[in-house]
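Everything on this sheet refers to the single structure shown next.
The values are calculated or read from the model by the stated rules, or taken from the named source; none is laboratory data. Treat the numbers as computed from the prediction; the structure is a model and nothing was measured. Reconstructed Cβ throughout: ideal geometry from the backbone, glycine too, with neighbour counts over all protein chains shown.
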Amino acid sequence: MVAIHWILGPVGSGKSTYAADLARTHRAVRLTLDDWMTTLFRADRPDVGVMEWYIDRSRRCLEQIWQISETSLQNGLSVVLEVGLIQRRERTPFFARLDASAFPHVLYLLDAPRPVRRARVLKRNQDKGPTYAMDVPAHIFEMASDLWEPLTPHERQGRDLREITTG
């Protein structure tokens with residue numbers, strides 16, 4: 001069945017590994033925001049004003065990711081979306097798009113204890129293995145972890161939600 005598989009969770013929760021496995025299992029197109037941001041913009045990253053710079057570019061990437069998702073779905077291919085959206089205000093418009101879509105969607109919520117996630121990120125930084133997209137310095141890990149907002153009851157309501165503990 002053609003579907004949208006959306007993976008959410010805090011940094012280091014295992015989203016990239018899970019997304020790769022899910023894409024193989026469903027023979028789906030995997031679209032990962034970090035890959036797009038790294039490939040398209042890493043060389044242009046400024047030394048100051050990084051957050052504003054990042055937000056603008058990530059919004060543009062998300063638009064293109066959604067367009068590719070729609071085309072893939074219309075052509076009979078499922079999609080696996082690993083697009084961040086750690087805060088509610090970022091997720092709200094994405095949920096609206098999912099709800100307006102003619103295609104079913106499954107939401108995968110991954111999590112692990114913070115020390116486990118921190119260790120994974122440090123190891124990924126060192127190993128630069130298959131899920132590596134960019135170094136995540138310790139202070140960025142902590143900031144992103146602090147910014148993570150768990151799903152609200154409203155965000156969960158009526159969804160095919162699968163909660164997965166990876167630690």
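A few comments on the model shown:
- Yes/no for Leu62 being surrounded by fewer than 16 Cβ atoms within 10 Å (Cβ to Cβ), in contact (Cβ under 8 Å) with a residue 12 or more places away in the chain and assigned to a helix (DSSP H, G or I): no
- Pairing each residue of the stretch 94-115 that is closer than 20 Å to Ser145 by Cα with any residue that is polar (S, T, N, Q) and in a loop (DSSP other than H, G, I, E, B), provided the two are 6+ apart or on different chains, yields C-beta distances under 9 Å for Leu109/Ser13; Leu110/Ser13; Leu110/Thr166; Asp111/Ser13; Asp111/Thr166; Ala112/Ser13; Ala112/Thr166.
- For the stretch 10-17, the criterion of being surrounded by 12 or more Cβ atoms within 10 Å (Cβ to Cβ), in a helix (DSSP H, G or I), basic (Lys, Arg) and touching a strand residue (DSSP E or B) at 6+ places or on another chain (Cβ under 8 Å) is satisfied by at least one residue.
- Of all residues assigned to the stretch 31-47, none qualifies as being among the basic types (Lys, Arg), surrounded by fewer than 19 Cβ atoms within 10 Å (Cβ to Cβ) and either touching a Pro at 6+ places or on another chain (Cβ under 9 Å) or over 20 Å from Phe141 (Cβ atoms) (or both).
- Ala96 part of a helix (DSSP H, G or I) and surrounded by fewer than 14 Cβ atoms within 10 Å (Cβ to Cβ): yes
- Failed item in (1) on the phi < 0 side of the Ramachandran plot; (2) surrounded by 13 or more Cβ atoms within 10 Å (Cβ to Cβ), with Leu85 passing the rest: (1)
- Residue check: Arg162 meets all listed conditions (1) among the charged types (D, E, K, R); (2) modelled with pLDDT of 95 or more; (3) in a helix (DSSP H, G or I); (4) over 28 Å from Leu40 (Cα atoms) but one, namely (3).
- Those residues of the stretch 26-45 which are more than 11 Å from the chain's Cα centre (by Cα) and either within 19 Å of Leu85 (Cβ to Cβ) or among the aliphatic types (A, V, I, L, M) (or both), in sequence order: Ala28, Val29, Trp36, Met37, Thr38, Leu40, Phe41, Ala43
- Within the stretch 78-93, being free of Cβ contacts under 8 Å to residues at least 60 places away in the same chain and of a type in the set (A, V, I, L, M, F, W, C) holds for no residue.
- When restricted to residues that are loosely packed, with under 14 Cβ neighbours inside 10 Å and either at positive phi or touching a residue at least 40 places away in the same chain (Cβ under 8 Å) (or both), the stretch 134-167 contains 7.
- Some residue of the stretch 83-90 being within 17 Å of Trp148 (Cα to Cα), acidic (Asp, Glu), at pLDDT 90 or above and in a helix (DSSP H, G or I): yes
- A count restricted to the stretch 112-133 and to residues that are surrounded by 15 or more Cβ atoms within 10 Å (Cβ to Cβ) and outside any helix (DSSP H, G or I) stands at 4.
- Filtered residues of the stretch 6-53 (kept if among the charged types (D, E, K, R) and either touching a residue at least 24 places away in the same chain (Cβ under 8 Å) or touching a Cys at 6+ places or on another chain (Cβ under 7 Å) (or both)): Lys15, Arg27, Arg30, Asp34, Asp35, Arg42
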